[in-house]
Amino acid sequence: MAFFKSIPFSIWALTLAAFAIGTSEFVIMGLLLDISKSFHISVSQSGFLVSAYAMGVVIGGPIMTILTASFPRKATLIGLISIFVTGNIFCALAPSYELLLAGRLLTATCHGTFFGLASVAAAALMDKAHRTLGVALVFLGTTLANMLGVPIGTAEGFEWGWRSTFWSVSGLGLVAIIGLVLFLPKMHGNSKVTPLSEIQSLKNPLVLIPLVLSALVNGGLFVIFTYIEPLLVHVTKVPLSHVTYILLILGAGLPVGTLLGGKLGDKALLPSLSGLFPLLLCLVVLMHWTLTEEVLGVSVLFLWNLITFTIAPMLQVMVVNNAAHAPNLASTFNQSAFNFGNAVGAWSGGFALSHGLPYQNLPYLSFVYILTGMAFILLYRHLSRIKKQE
């Protein structure tokens, strides 16, 4: 309890904002059927709302970050959440599919910039020994969104219609704005930071490598997790009615892993990452052999999920640390890298399955992503040693 009391209220306001944004991003997947019926469109057409949002994050985030590079951080964060609330209200009121899509795109433009800037702010709000933990607490908002926000928002949509979910998410955003206004201290932007200096920070290989790692880790996650339901049903032979409960068990690893990543990152960032990647590699190999057994298979999936989310906040801090003079754009690009990894992982898994790969062999694709990540970790260690010797 003393630990939680030591966390500034401003961090919890950022966590709440992250929870609202994370819920808004993923809850749409549980509302597609209702939206399809509402606008008399196909499910595949309504599914474009998901991919359009992801592309809005990938493209819109860096642009928004460059435009706001020299703005005061507090004002920018409040402005971004205000855009988020506006976009969700627009979605709730949208009289047509096209305007709903426009609302989703508007919301997506603030996503990457918010998480990038919130990570920088959270690291600054904590003392030097707990910077990774501060970033992990922001990411905790997205993990809780997947655990709680998405199922609750989906259930609300079933009960009162999909528009009610967007109203609720807008309400959460408003509460987060109040928290940021009241508790977030004034955090001035760096007046020396220009769009050019932000872009030049990306030339640093010690910034680029964590971005690549973020894409690879998420690619390795989504190549399996996108198809977790058919994998559990067809390989593990789990009754369809049990899948929801298993997903809740797997989801419990998200906040645990995120907080563990904060702790390990603050103690020994690079040594911890160097140890976690081989562990993740062993788990995906083990997964192939244990998926046919329910208890063993679910246990390995739980550990795999936990370790993956332990790595995520550590990579975000690695980016912030190496782009200290112009961290906003680099941190935002890390969010783009996460989303890019999501998309590529899901696509590569689907491509392999459509060409005859058995569900049980999906972990081997994840193995390729993680093994490639280990090579980049070794490269990062080598370049870090060279930089220390200079």
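The values are calculated or read from the model by the stated rules, or taken from the named source; none is laboratory data. Keep in mind the model is a prediction, meaning the values are calculated, not measured. Quick reminder, even Gly has a Cβ in these numbers, built from the backbone with ideal geometry, and neighbours come from all protein chains shown. Remember, those area values only see protein heavy atoms, side chains included, never the ligands or the DNA or RNA. Shrake-Rupley method; radii C 1.70, N 1.55, O 1.52, S 1.80 Å.
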Length gained if Ser164 through Ile178 is fully extended, taking 0.36 nm per residue and subtracting the Cα-Cα distance, is 2.9 nm
³J(HN,Hα), Karplus 6.51/-1.76/1.60, whole Hz, each residue of the range 84-101, x for Gly, Pro: 4, 5, 4, x, 6, 5, 4, 5, 4, 9, 4, x, 9, 4, 4, 6, 5, 4
For the chain, the charge dipole (Cβ of Lys, Arg +1; Cβ of Asp, Glu -1; about the Cα centre) points to a positive end, and the Cα of Gly297, Val243, Pro205 closest to that extreme belongs to Pro205
Straight-line reach from Lys128: which aspartates and glutamates have a Cα under 13 Å away, not including same-chain ones fewer than 8 places off? Asp266
At 0.890 mPa s and 25 °C, plugging the Kirkwood radius over alpha-carbon pairs of the range 8-162 into Stokes-Einstein gives what diffusion coefficient in µm²/s? 153
Cα centroid separation, the range 267-317 to the range 64-86 (Å): 34
Write down the accessible area per residue of the range 1-147 in Å², having rolled a 1.4 Å probe over the full set of protein chains. 37
Step through the residues of the range 349-366 one at a time and calculate ³J(HN,Hα) from phi using the Karplus curve (6.51 cos²θ - 1.76 cosθ + 1.60, θ = phi - 60°), rounding each to whole Hz and writing x for Gly and Pro. x, x, 4, 5, 5, 5, 9, x, 5, x, 3, 5, 8, 4, x, 5, 5, 4
Cα-Cα over 22 Å, subset of Lys186/Lys267; Lys203/Lys263; Lys203/Lys388; Lys263/Lys387; Lys263/Lys388: Lys186/Lys267; Lys203/Lys263; Lys263/Lys387; Lys263/Lys388
Estimated inter-spin distance, Leu371 and Val285, nm [label 7 Å along Cα→Cβ]: 1.0
Label-to-label distance, nm, for residues given as Leu270 and Ser42 (7 Å Cα→Cβ offset): 5.1
In terms of Cα to Cα distance under 12 Å, which aspartates and glutamates are near enough to Lys237, apart from those fewer than 8 places away along the same chain? Glu229, Glu293, Glu294
For the chain, the longest site-free run once trypsin sites (Lys or Arg not before Pro) in DSSP loop states with at most 12 other Cβ atoms within 10 Å are removed: 1-185
Once fully extended, how much extra length lies between Ile63 and His382, figured as 0.36 nm per residue of separation less the alpha-carbon to alpha-carbon distance? 111.6 nm
Taking the simple approach of a point 7 Å from Cα along Cα-to-Cβ for both Tyr245 and Gln389, what is their distance in nm? 5.8
Report the extension gain between Ala75 and Met55 in nm, rounded to one decimal, defined as 0.36 nm multiplied by the number of residues separating them, less their alpha carbon distance. 4.7 nm
If each DSSP helix of 4+ residues adds -39,500 (n - 2.57) and the sum is divided by the residues in the chain, what number results at 222 nm, nearest 500 deg cm²/dmol? -27500 deg cm²/dmol
